[in-house]
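Written below as structure tokens is the structure these notes are about.
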């Protein structure tokens, strides 16, 4: 008990701060990435050959751009796009400075995951709605996205976990977070306890997220 | 009500062009149930999907209630489609929505007022007999029940025409009959014109007033169900008709029997089905009729019987007997061997 209290006295504040920073980075970049990624996913589905907004060039362009971004490891992306980050938010350090690369990293990933989820939706249902004289935009939101919801939730869970991993590298631009804590204190200053506790928290976080994702997806899924 | 004129559709495939429809014309009258039958790949699915332009025909026109829908603008087509209901082999319901929402969501999206949505959902669920399943999800329903929900969904838009794309093909025989009876009821009580496609002769026999037989993208025969059943002309039609009666004799048996008389196929329509024609023939002429195979079936409008009979006797007497039967309004055909006609009618 004493040991725990002692540990908390020494490190509690740092850990709490790191958790908050991780949450900030993950939640803000996740929301922005969904806002960008979901429509991109829809566009990828609709512009592919044989679909209602078929457009070879747009589909090909999106495909290539997404593949290129997805080829770059986050640690490289982070530095590679520094000028872009500076242009968008005016700084390249801190939580703000890391949000941009996190979004650039996650949005195309989410777009791919959304594309997969949306492609799973039974074509027949879409056709039934088309046959009922319902507008394409209504079909997208009320049939495609609706029917894909369980799969979308699972996809977002995967994306969020990937995002948590990426935030660990955020320490390199001074954004803090749990990964940074483990690296700086656990590794550089050789405080193994801090390392263990951080890893423990991350495990709990990821397990918890995956469980929540599974439960929500199961709730939404009715078959 | 539905008039299809010179409809053609070609697909570009890797192996070249596929002509799914070749100059197809047919007309479905108001209040009628019309069936298109054919084997898979005959083009019937493309045909029915052209009626609401899910498939855009390469040439030709489709007009519904006098409006040529192939010439409509995008917006007008949306409106026209709302008056054309459609049901599918795969039911195509939203898995994530209750029975109620499955019917209500499309109504909401087509701008039906809220109070009316509630009223329509209940009314049409009652008609299809699923009022107690209003809160169930599709996964909790049987195939037949899912098709009933799909039918209610189509009816809720109060269409004038209902298209049925193999709606019973995924169902077991009892459920098929129940769904066919429901379609018949919809047709009779709500006056909805139905165009259906199927590969099951049973569907045509049970509910259709008119029928067209398709093969290789063409209509090879069409007419009233009765005419097509009693005197099928095209080989494919004959195969379909025979699939109901399924009279099959071996070539050996035919050869043996031919030595002592003739094998004749008799078709009885309507009242003739009820008279003991064979008994009369046996008494009047010096022939011994022997029934080899027989079946009486019910068409939508009247009973229809088919018998395969061996008439033993002198050729002269046999001919007189056949002539007598013809005069009684019974259709007679000489039986040919398997080689010429795979099954025998």
Criterion first (assigned to a helix (DSSP H, G or I), over 26 Å from residue B:97 (Cβ atoms), touching a helix residue (DSSP H, G or I) at 6+ places or on another chain (Cβ under 6 Å) and modelled with pLDDT of 95 or more) does residue A:107 satisfy it?
yes
Against the conditions (1) closer than 30 Å to residue A:42 by Cα; (2) modelled with pLDDT under 90; (3) surrounded by fewer than 20 Cβ atoms within 10 Å (Cβ to Cβ); (4) touching a helix residue (DSSP H, G or I) at 6+ places or on another chain (Cβ under 7 Å), where does residue A:206 fall short? Just the number, please.
(2)
With surrounded by fewer than 16 Cβ atoms within 10 Å (Cβ to Cβ) and at pLDDT 90 or above as the only criterion, which of B:102, B:92, B:6, B:52 stands out?
B:6
In the range A:187-201, anything under 23 Å from residue A:93 (Cα atoms) and surrounded by 19 or more Cβ atoms within 10 Å (Cβ to Cβ) is listed as A:198
For the range A:149-169, does any single residue satisfy the condition of being free of Cβ contacts under 8 Å to residues at least 40 places away in the same chain, within 14 Å of chain B (Cβ to nearest Cβ) and under 30 Å from residue B:52 (Cα atoms)?
no
Limited to the range A:88-141, what total is found for residues that are crowded, with 18+ Cβ neighbours inside 10 Å, within 14 Å of chain B (Cβ to nearest Cβ) and either closer than 24 Å to residue B:161 by Cβ or within 20 Å of the chain's Cα centre (by Cα) (or both)?
13
Going through the range A:209-223 one residue at a time, which ones are within 14 Å of chain B (Cβ to nearest Cβ) and out of contact with any helix residue (DSSP H, G or I) (no Cβ under 7 Å at 6 or more places or on another chain)?
A:218, A:219
Does the range B:56-75 include one or more residues that are buried (at least 20 other Cβ atoms within 10 Å of the Cβ), within 10 Å of chain A (Cβ to nearest Cβ) and either closer than 30 Å to residue B:18 by Cα or modelled with pLDDT of 95 or more (or both)?
no
Considering only helices (runs of 4 or more DSSP H) wholly within the range B:228-345, the ones with at least 1 residues that are surrounded by fewer than 19 Cβ atoms within 10 Å (Cβ to Cβ) and modelled with pLDDT of 85 or more are B:235-245, B:277-284, B:315-327
Got a number for residues in the range B:127-143 being surrounded by 12 or more Cβ atoms within 10 Å (Cβ to Cβ), more than 14 Å from chain A (Cβ to nearest Cβ) and out of contact with any helix residue (DSSP H, G or I) (no Cβ under 6 Å at 6 or more places or on another chain)?
2
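The values are calculated or read from the model by the stated rules, or taken from the named source; none is laboratory data. Since the structure is predicted, the reported quantities are computational estimates derived from the model, not experimental observations. Cβ sites come from the backbone with ideal geometry, for glycine too, and all protein chains shown count toward neighbours.
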